[in-house]
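The structure under discussion appears below in the form of structure tokens.
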Amino acid sequence: MADLSAYRFTASHEWVRVDGSTATVGITDHAQAQLGDVIFLELPEVGAALTAGARFGAIESVKAASDLYAPASGTVAEVNAALTDHPELVNSDPYGEGWMIRLEDASPAGNLMDEAGYSALVGS
Amino acid sequence: MAARTSLYDRHVAAGARMVEFGGFDMPLQYTTIRDEHIAVRTRCGLFDLSHMGEVRISGDAALDAVQRLVTNDVSRLDVGGALYSVMCNEAGGIVDDVIVYREPGGYMVVINAACRAKDVAWMRRHTGEAPFADLSDDLALLAVQGPHAVALVARMAADDVAGVEPFHFKDTSVAGVHAAVSRTGYTGEDGFELYVDAPDAPGLWDALLEAGAPEGMIPCGLGARDTLRLEAGLRLYGQDMDDSTDPYSCALGWTVKPGKGEFIGSAALAGIDRAHPPRRFVGLVPEGRAIARHGQTVLAGGRPAGEITSGTYSFTLERSIATASLDGDVPADAELSIEIRGTIAAAAVVPLPFYRRPKGA
């Protein structure tokens, strides 16, 4: 089980891990399990400005498509290029290699949950 | 509460993700849809399809009864033969799509789980004198599909089944279990479907998995079944057609044999111009990787002209694929696009199926 003590979670199943002024964003293990086989991600371009709580992209699995909501405000500094050819990394390693974007000048949303709070939300 | 097949405990023990389908708790996937899909295309997969319904129509009046019920001509079936057909209502709409098996004493008709109550009531009403039995709760159905499937089942069968032709079956035993071994499937691959008594299914399931493991056979769920059948251009009742769809409008006109005489719906179907049916069923390849979903609008020259019936990601072709039902007057060369979640994706019409297995495989 991944050590998620540095991760914070949204009610819409994204996570954010803040390192100084940089924040890494992905979706939770619970979310990837619900979606099943991820086949496509629509992610913002480097340089895009994100607002915490606003839609920043979409994720599509064989079963369904869902919007992605930013757990932090900031500027997109990096997009995980590996997901273009290997979107299944979101399934196999949602907290690691399946990360989606990195933000600079990040400021997390105010209503994020810690691991215990998120676990309680999804009942795991 | 959803019903369970006799293999339910096997699915749960294997860690399958279960979903309700056709009134049954069925495995959606055991591992991932991708792995299960690829296993069937390259090796072998094992499916529990016991949710499917089976009815038997027997006796001297059986032929006439089945001929009235289905659009295809079952009189040309010898014992051991099978055919795909649709069953229509008086208006020519499809009640269900079925497989008809010719048995020594009559016919077994395989129906969709979600249609079972409707079909059984409909068929009872129209079979007249012919004895009718609903076998659905007594029979289990296992499918072994993929390039290694035939050799695997042949090794385990008491009689030669490798010589059973497509759309034929043989009564024999597999791993000591009495089975009707049918050279049919819903994946686009070679293989068998095995009809067995429900209590025998768990033992046969275990024996097949054990024998198939060295060749990489894995259990597969309904998720892979759907991606496989759509690549193979096969219809799903309730999604690609329903009670209001005539067979010509979903490119199943080849199952209609007007020359065989009257059947339910024949008068209505005779009134349809086969070359220009009310709707046109086409294969589409949308641009980009977004998946077109059932019910999304198809545009011709920018105007609504039909809807998506099925769409998925093709793990074999590594792109988005879909089928659509277009208004009959949409020209063959129209520029089509699909409204996918607020975005317009151009789509090319392609011949069905999307995938055809290599010759000799």
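Please compute the contact order of the range A:7-109 in relative form: average sequence separation of alpha-carbon pairs under 8 Å and at least six residues apart, divided by the residue count, as a percent.
Rounded, it is 32 percent for the range A:7-109.
Could you compute the FRET efficiency for B:Val79 and B:His126, with r as their C-beta to C-beta distance and R0 at 22 Å, rounded to 0.05?
Efficiency for this residue pair is about 0.40.
Once you have a ≥ b ≥ c as the square roots of the Cα gyration tensor eigenvalues for the range B:236-275, tell me rounded if a/c is under 1.5, and otherwise prolate or oblate according to whether a/b is larger than b/c.
prolate
According to the square roots a ≥ b ≥ c of the eigenvalues of the Cα gyration tensor, what is the shape class of the range B:18-76, taking rounded for a/c under 1.5, prolate for a/b larger than b/c otherwise, and oblate for the remainder?
Because a/c hits 1.5 or more and a/b exceeds b/c, the range B:18-76 counts as prolate.
Over the Cα atoms of the range A:7-109, how large are the radius of gyration and the largest Cα-Cα distance (Dmax), in Å?
Rg, Dmax (Cα atoms, Å): 12.1, 37.
Within straight cross-link reach of B:Lys170, meaning Cα distance under 20 Å, which aspartates and glutamates are found once same-chain residues fewer than 8 apart are removed?
Partners found: B:Asp48, B:Glu54, B:Asp78, B:Glu103, B:Asp138, B:Asp159, B:Asp160, B:Glu189, B:Asp190, B:Glu193, B:Asp197, B:Asp200.
At a 10 Å Cβ-Cβ cut-off, how would you order A:Thr84, B:Thr184, fewest neighbours first?
Final ranking by Cβ density, sparse to dense: A:Thr84, B:Thr184.
Cross-link candidates for B:Lys260: which aspartates and glutamates have Cα within less than 13 Å, leaving aside residues fewer than 8 places away along the same chain?
Candidates past the 8-residue exclusion: B:Asp64, B:Asp73.
Just tell me which lysines come within less than 19 Å, Cα to Cα, of B:Lys257; anything on the same chain fewer than 8 places away is out.
B:Lys257 reaches no qualifying lysines.
For a quick protection proxy, order the peptides A:77-83, B:223-229 by their average other-Cβ count within 10 Å, most packed first.
B:223-229, A:77-83
Relative contact order for chain B: what percent, with Cα pairs under 8 Å and sequence separation of 6 or more?
18 percent
Work out, in µm²/s and without decimals, the Stokes-Einstein translational diffusion coefficient of the range B:53-134 at 25 °C, 0.890 mPa s, Rh from Kirkwood over C-alpha pairs.
For the chosen part, D equals 199 µm²/s.
If R0 is 35 Å, what FRET efficiency do you get for A:Glu45 and B:Asp327 from their C-beta distance, rounded to 0.05?
Efficiency computed from Cβ-Cβ geometry: 0.40.
Give me the extension gain from A:Glu78 to A:Asp93: residue separation times 0.36 nm, minus the current Cα-Cα distance, reported in nm with one decimal.
Stretched out fully, the A:Glu78 to A:Asp93 stretch lengthens by 3.6 nm.
In terms of modelled amide H atoms, which long-range or inter-chain residues lie less than 5 Å from the amide H of B:Asp171?
B:Val181
Once every Cα of the range B:158-253 carries one equal point scatterer and solvent is ignored, give the base-10 log of I(q)/I(0) from the Debye formula at q = 0.12, 0.23 Å⁻¹, two decimals.
The calculated log intensity ratios at q = 0.12, 0.23 Å⁻¹ are -0.52, -1.27.
Mind checking which of A:Gly74, A:Asn111, A:Gly36 is farthest towards the positive end of chain A's charge dipole, using Cβ charges of +1 (Lys, Arg) and -1 (Asp, Glu) about the Cα centre?
Selected residue: A:Asn111.
Where Lys and Arg each count +1 and Asp and Glu each count -1, what net charge lies around B:Pro353 among other residues with Cβ under 14 Å from its Cβ?
+2
Could you tell me what a quarter of the Cα convex hull surface of chain B works out to, in nm² with one decimal place?
17.8 nm²
How high is the relative contact order of the range B:20-124? Use alpha-carbon pairs under 8 Å, at least six apart in sequence, and give a whole percent.
With pairs under 8 Å counted, the relative contact order is 27 percent.
With charges set only on the Cβ (+1 for Lys and Arg, -1 for Asp and Glu), what does the dipole of the protein assembly as shown come to about its Cα centre, in debye to the nearest 20?
Dipole magnitude for the protein assembly as shown comes out near 760 debye.
Any idea which of A:Ala49, A:Ala11, A:Asn91 is furthest toward the positive side of the dipole for chain A, if Lys and Arg beta-carbons carry +1 and Asp and Glu beta-carbons -1?
The residue sitting most towards the positive pole is A:Ala11.
Mind listing the long-range amide H neighbours of B:Leu299? Cut-off is under 5 Å, sequence gap 5 or more, other chains count too, H placed in the peptide plane at 1.01 Å from N.
It is B:Ala305, B:Ser337, B:Ile338, B:Glu339, by chain and number.
If I model the protein assembly as shown as equal point scatterers sitting on the Cα atoms and use the Debye formula, what is log10 I(q)/I(0) at q = 0.07 Å⁻¹?
Here the Debye-derived log intensity ratios amount to -0.43.
Using the Karplus curve 6.51 cos²θ - 1.76 cosθ + 1.60 with θ = phi - 60°, work out ³J(HN,Hα) for each residue of the range A:49-56 in order, rounded to whole Hz, and write x for Gly and Pro.
Going residue by residue, I get 9, 9, 10, 3, x, 8, 5, 10 Hz, with x marking Gly and Pro.
Which whole number gives the average count of other chain Cβ atoms within 10 Å of the Cβ atoms across peptide B:283-292?
For peptide B:283-292, the averaged partner shielding equals 2.
Check which residues have an amide H placed less than 5 Å from A:Gly53's amide H, if you skip close sequence neighbours.
The answer is A:Ala70, A:Ala72.
For the range B:53-134, what is the charge dipole size about the Cα centre, in debye to the nearest 20, if Lys and Arg each add +1 at the Cβ and Asp and Glu each add -1 at the Cβ?
Charge dipole of the range B:53-134: 140 debye, to the nearest 20.
Relative to the Cα centre, what is the charge dipole magnitude of the range B:208-361, using +1 at the beta carbon of each Lys and Arg, -1 at the beta carbon of each Asp and Glu, and rounding to the nearest 20 debye?
Taking the Cα centre of the range B:208-361 as origin, the dipole is about 320 debye.
Net charge near B:Lys170: determine it from the other residues with C-beta under 11 Å of the C-beta of B:Lys170, scoring Lys and Arg +1 and Asp and Glu -1.
With Lys, Arg at +1 and Asp, Glu at -1, the net is -3.
Report the one residue of B:Val350, B:Leu63, B:His126 whose Cα lies farthest in the direction of the positive end of the charge dipole of chain B (charges on C-beta: Lys and Arg +1, Asp and Glu -1; origin at the Cα centre).
Of the listed residues, the answer is B:Val350.
State, to one decimal in nm, how far the label point of B:Arg356 lies from the label point of A:Ser66, with both points 7 Å from Cα in the Cβ direction.
Rounded to a tenth, the inter-label distance reads 4.0 nm.
Restricting to DSSP H runs of at least four residues, report the calculated mean residue ellipticity at 222 nm for the protein assembly as shown, -39500 (n - 2.57) per run over all residues, nearest 500 deg cm²/dmol.
Value at 222 nm, helices only, nearest 500: -5000 deg cm²/dmol.
Computed from the coordinates by the stated procedures, all read-outs in this text should not be read as laboratory data. Every value quoted in this text rests on a predicted model; they were computed, and no experiment measured them. Cβ: placed from backbone, ideal geometry, glycine included. Neighbour counts: every protein chain shown.
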